[in-house]
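J.: One structure, as structure tokens, below. Some questions next.
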Amino acid sequence: MDQATRTRLERNIFPAAHQACEPWEKFSWHTSAHVAHSSQALAIDVFGTIKTSANRDAIIDALALTMGLPTGGSWDITLEWSARASLLNEPSPTQVDVYAESPSAVILFECKFTEQDGGACSQTKKQSGATPCDGNYGEDGAQEHDMTSRCALTEKGIQYWDIIPKVFHLDAHTDYKPCPFAGPAYQWMRNLVVAYKVGRQKNKKPAVVIVYADHKNLSMAQKVKSEAWTEFTESVRQDHVSLHVRSYQEILMLAEEVTHQDSEDKPLWRELSEWVESKISAISSDRRKPKRKRSSRSHTMAANRNA
């Protein structure tokens, strides 16, 4: 990492969170982490500050309490955490923005900012001239693609559908048209399946939290308040692995509430809240600006270039 790159990153990360990124040269940075709309940077702003705070355990305990998770003990926080490839036999292991673990619980935080939704399954996209999946989960598709499994990922040895019936009110031996995870729910499914498996292996209660920036102009804020999201959460077997949504604003308000009045960290959370709100406001303002219309001359020139 050259100095110019590091300087851009430092300017986009809340100062109190810098220590959480050490060593910066080895940290798993996204290519857009230096820009204001980076979801990774916003996650580091908040959870990096919590990670390095003397009040870390109290803050995560308070958050866990709101989700019905056991509290007590020390919380370890890992930014840019990846599951073991052998956990579900994934060629590209599931990665989450923040992973928190205590003696009794594990929490996977998936953090969103300007994203429209979760990530969709890649098997419905053309690969090497062919599309492995038609978007349905069923025997017809398996026969059409000369597979023995209803799912193209199962055919490749990936074990999602071994765990899905334990996490969702779904049956691996039933056809679903369309597949419930062909679209954006695919990312949430991976998070939930991984959390369940990790929790079982460690004998700890698991949870997944979708963290979002709460603003009327941001898609994820609209998504988690929609009927479609309610239907999705009702499909989860919450007694096996719980799914929650929390806004950055809620988390920071909680951090300020549990921090003692005489603590040095007390004003820190207000400063961080202002930092976060400034990023949200900047992005929201840009989205409200009307797009400039191209002049007829520019349109003609562009058409000539493409002719």
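The values are calculated or read from the model by the stated rules, or taken from the named source; none is laboratory data. Since the structure is predicted, the reported quantities are computational estimates derived from the model, not experimental observations. So basically every Cβ, Gly included, is an ideal-geometry build from the backbone, and we count neighbours across all protein chains shown.
J.: Quick check, is Thr78 part of a helix (DSSP H, G or I) and β-branched (Val, Ile, Thr)?
T.: Against the criterion (part of a helix (DSSP H, G or I) and β-branched (Val, Ile, Thr)), Thr78 does not qualify.
J.: Among the listed residues Ala105, Ala85, Ala152, which satisfies the condition of being among the hydrophobic types (A, V, I, L, M, F, W, C) and under 23 Å from Phe27 (Cα atoms)?
T.: The unique qualifying residue is Ala85.
J.: Now, a different point. Considering only residues that are of a type in the set (D, E, K, R) and modelled with pLDDT of 90 or more, which ones fall in region 111-137?
T.: Passing the criteria: Lys112, Glu115, Asp117.
J.: How about region 68-87: which of its residues are surrounded by 16 or more Cβ atoms within 10 Å (Cβ to Cβ) and within 18 Å of the chain's Cα centre (by Cα)?
T.: Ile77, Leu79, Glu80, Trp81, Ser82, Ala83
J.: Assess whether Trp81 counts as being at pLDDT 95 or above and either closer than 26 Å to Asp162 by Cβ or hydroxyl-bearing (Ser, Thr, Tyr) (or both).
T.: Criteria met by Trp81.
J.: A further question on this structure: What is the number of the single condition among (1) part of a helix (DSSP H, G or I); (2) of a type in the set (Val, Ile, Thr); (3) free of Cβ contacts under 8 Å to residues at least 60 places away in the same chain that Ile283 does not meet?
T.: (3)
J.: Farther than 27 Å from Ile158 by Cβ and either small (Gly, Ala, Ser) or touching a Phe, Trp or Tyr at 6+ places or on another chain (Cβ under 8 Å) (or both) - does that describe any residue in region 200-213?
T.: yes
J.: Let me ask something additional. Of the numbered conditions (1) more than 21 Å from Tyr248 (Cα to Cα); (2) surrounded by fewer than 19 Cβ atoms within 10 Å (Cβ to Cβ), Glu90 fails exactly one; give the number of that condition.
T.: (2)
J.: Just wondering, is there one or more residues in region 45-61 that are under 26 Å from Ser285 (Cα atoms), out of contact with any Ser or Thr (no Cβ under 6 Å at 6 or more places or on another chain) and basic (Lys, Arg)?
T.: Among the residues of region 45-61, not one is under 26 Å from Ser285 (Cα atoms), out of contact with any Ser or Thr (no Cβ under 6 Å at 6 or more places or on another chain) and basic (Lys, Arg), which makes the answer no.
J.: Hey, another quick one. Counting only residues that are acidic (Asp, Glu) and out of contact with any Ser or Thr (no Cβ under 9 Å at 6 or more places or on another chain), which one in region 171-223 is surrounded by the fewest Cβ atoms within 10 Å (Cβ to Cβ)?
T.: Selected residue: Asp171.
J.: Does Leu153 count as touching a helix residue (DSSP H, G or I) at 6+ places or on another chain (Cβ under 7 Å), part of a helix (DSSP H, G or I) and not assigned by TED's automatic domain parsing to the domain that holds Ile251?
T.: When the stated conditions are applied, Leu153 passes them.
J.: Give the number of residues within region 267-286 that are basic (Lys, Arg) and either at pLDDT below 55 or exposed (fewer than 13 other Cβ atoms within 10 Å of the Cβ) (or both).
T.: Going through region 267-286 one residue at a time, the tally reaches 1.
J.: Restricting to region 1-26, give me the number of residues that are small (Gly, Ala, Ser) and more than 24 Å from the chain's Cα centre (by Cα).
T.: Selection size over region 1-26: 1.
J.: May I pose another question? Is it the case that Ala33 is within 30 Å of Gln238 (Cβ to Cβ) and either in contact with a Lys or Arg (Cβ under 9 Å, 6 or more places away or on another chain) or in the same structural domain as Gln261 (by TED's automatic domain parsing) (or both)?
T.: no
J.: Still on this structure, please answer the following. For region 94-112, does any single residue satisfy the condition of being in the same structural domain as Lys202 (by TED's automatic domain parsing), assigned to a helix (DSSP H, G or I), within 21 Å of the chain's Cα centre (by Cα) and among the acidic types (Asp, Glu)?
T.: Scanning region 94-112 turns up no residue that is in the same structural domain as Lys202 (by TED's automatic domain parsing), assigned to a helix (DSSP H, G or I), within 21 Å of the chain's Cα centre (by Cα) and among the acidic types (Asp, Glu).
J.: Still on this model: Based on this model, can you work out whether Gln261 counts as without any contact (Cβ under 8 Å) to a residue 24 or more places away in the chain and more than 17 Å from Ala185 (Cβ to Cβ)?
T.: Yes: the conditions hold for Gln261.
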